[in-house]
Amino acid sequence: MLPIKVPPLGESIVEATVSRWLKKEGDVVAAGDTLVDLETDKITVEVPALKPGVLAKRSKAEGEIVHVDDVLGELDEAAVPATAGATAAPSAAAASATPNAPTPPPTSRPSPPPAPAQGESTKSSPAARRIAEERGIDIAAVAGTGRGGVVSKPDVLAAPTQRPPAIQQPRGNGAAPGERETREKMTTRRKRIAENLLQSQHATAHLTTFNEVDMSAVNALREKYKEKVEKEHGVKLTFMPFFVRAAVAALKQFPMVNAQIDGDTIVYKHYVNMGIAVASDQGLVVPNIKDADRKGTIELSREISEVAKRARDGKLTMDDLTGGTFTITNGGVFGSLVSTPIINYPQVGILGLHKTQDRPVAVNGEVKIRPMMYIALSYDHRIVDGQQAVLFLVRVKELIEDPAAMLIE
């Protein structure tokens, strides 16, 4: 028997939850078939069959917590030769042994095989069928790009969703008439998010400072160049890359905000891996743009768009989610006017963006209506002094209000 083990889960991740078995005991599997999905606090890990065989035993039930190298089940490699073609081989052998033997007429017309249920076609991978079921997609209508037209997971993720994913339907929103309470077990990801947020609050000297930004200059710049950028580079020019570049410039000026604490040592990062908080169906995730300090506005726009799409599609890799040095979160997309973002521990700073709203402001002694945004910096007061935090936020404000200045940073 070949043991099916929990594979390495990634940096600092030691446990996962058995999310879903895709094969039943007794199922014949090919090498590479996904046997079971494991959910971690960051990504979903698919555990494939390393060799062809029969799934002889499932040792862990759905919902159980498992650790790296735990045995999930057993694969019987020897069962494949015995089962593969077992029904066809004896008849073929008998025919060759007695070539002149008459073939008895069938007593009745054989019944046609039952039509496969939706998603059970041999032209689709197990992962593709699972995603199709969750998203309410008719997998028969999805064009396969794999070898021989096989529908793969990316094909399903690219298909239009026909109903909201099942994960978006918490039981609390579907209570039966007269039902006053419902209970739903927290997923591993939700539990880890809760634990990480509490750790951030308990392990850091958490403080937040605020400022406001006039978005007129950035809005004018976007209006002037957005069609040209989209036509020539194929990306939409949002305001996020401007804030990334402004934050990078401010981090260079105030490197404490880009540092980390290791025991009684301060670790200065001479690079910026910019985390971008994204709300996905599975919960909040923070993929990061590697070496954001070396990239221009167009490249940042493209990478931010790509990583956000991977987050929403559930296709993030462990590399996307590790190594961040600073984070930006945008509550404004949901209508938030002001908030106090929680530091993405063990980082020491996070920049919070909010909704742009027309407000009356004083400009050169006159009242003007300007598109204004409140911005917030939460920081770890253990190594970031209040003066540094305030000046960092002021620098971000200055650069956003005069984006041309970023060209010489």
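The values are calculated or read from the model by the stated rules, or taken from the named source; none is laboratory data. Worth saying up front: this structure is predicted, and the values here are computed from it rather than measured. Cβ placement follows ideal geometry from the backbone for every residue including glycine, while neighbour counts extend to all protein chains displayed. Surface areas here come from the heavy atoms of the whole protein model, side chains and all, with no ligands, DNA or RNA. Shrake-Rupley method; radii C 1.70, N 1.55, O 1.52, S 1.80 Å.
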field: Formal net charge of residues neighbouring M372 (Cβ-Cβ distance under 9 Å; K, R +1; D, E -1)
entry: -1
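Please sort 359-366, 371-378 by packing, taking for each peptide the average over its residues of neighbouring beta carbons within 10 angstrom, highest first.
The peptides rank, most packed first, as 371-378, 359-366.
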- request: Please list, in chain and number order, the residues 5+ apart from L207 or on another chain whose amide H is under 5 Å from its amide H, with Hs placed from the backbone.
  value: Y379, H381
message: Can you classify the stretch 240-297 as rounded, prolate or oblate using the Cα gyration tensor, where a ≥ b ≥ c are the square roots of its eigenvalues, rounded means a/c under 1.5, and otherwise it's prolate if a/b beats b/c and oblate if not?
response: oblate
- line: Protection proxy (average C-beta count within 10 Å per residue), highest first, orders 344-352, 252-260 as 344-352, 252-260
field: Straight-distance crosslink candidates among lysines, where the alpha carbon sits under 29 Å from K269 and sequence neighbours closer than 8 are dropped
entry: K42, K252, K290, K295, K309, K315, K397
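Which whole-number value in Å² is the accessible area per residue of the stretch 218-294, probe 1.4 Å?
That works out to 51 Å² for each residue.
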- request: Return the FRET efficiency for the residue pair L221, E64: r is the Cβ-Cβ distance, R0 is 56 Å, and the value is rounded to the nearest 0.05.
  value: 0.60
task: Evaluate the charge dipole of the stretch 204-280 about its Cα centre and quote only its size in Debye, nearest 20, assuming +1 on the Cβ of each Lys and Arg and -1 on the Cβ of each Asp and Glu.
output: 320
message: For the stretch 193-271, I need the span (max minus min coordinate) of the C-alpha atoms along each principal axis, in Å, sorted largest to smallest.
response: 50, 28, 25
- prompt: Alpha carbon centre of the stretch 38-72 versus the stretch 239-315: separation in Å?
  reply: 32
message: I'd like to check one number: the per residue accessible area of the stretch 313-376, probe 1.4 Å, reported in Å² as a whole number.
response: 45
query: What is the set of long-range amide H partners of Y374 at a cut-off below 5 Å, with H atoms built 1.01 Å from backbone N?
result: V213, H354
message: Need the full-extension length gain, I266 to H233, defined as separation in residues times 0.36 nm minus the C-alpha distance. One decimal, nm.
response: 7.9 nm
query: For the stretch 265-304, which whole-number percentage of the solvent-accessible area (1.4 Å probe, protein heavy atoms only) is attributable to carbon and sulfur atoms?
result: 51
- line: Placing each pseudo-label 7 Å from Cα in the direction of the beta carbon, R183 and L391 end up separated by a distance in nanometres of 5.4
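Tell me whether the stretch 210-333 comes out rounded, prolate or oblate; compute the Cα gyration tensor, take square roots of the eigenvalues as a ≥ b ≥ c, and use a/c under 1.5 as the rounded threshold.
Judged from the Cα gyration tensor, the stretch 210-333 comes out oblate (a/c at least 1.5, b/c at or above a/b).
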- prompt: Per the 1.4 Å probe, what fraction of the accessible area of the stretch 351-409, in percent, lies on carbon and sulfur atoms?
  reply: 51
query: Using θ = phi - 60° and the Karplus form 6.51 cos²θ - 1.76 cosθ + 1.60, what ³J(HN,Hα) does each residue of the stretch 286-299 get, whole Hz, x for Gly and Pro?
result: 10, x, 10, 8, 5, 6, 4, 6, 9, 10, x, 4, 5, 5
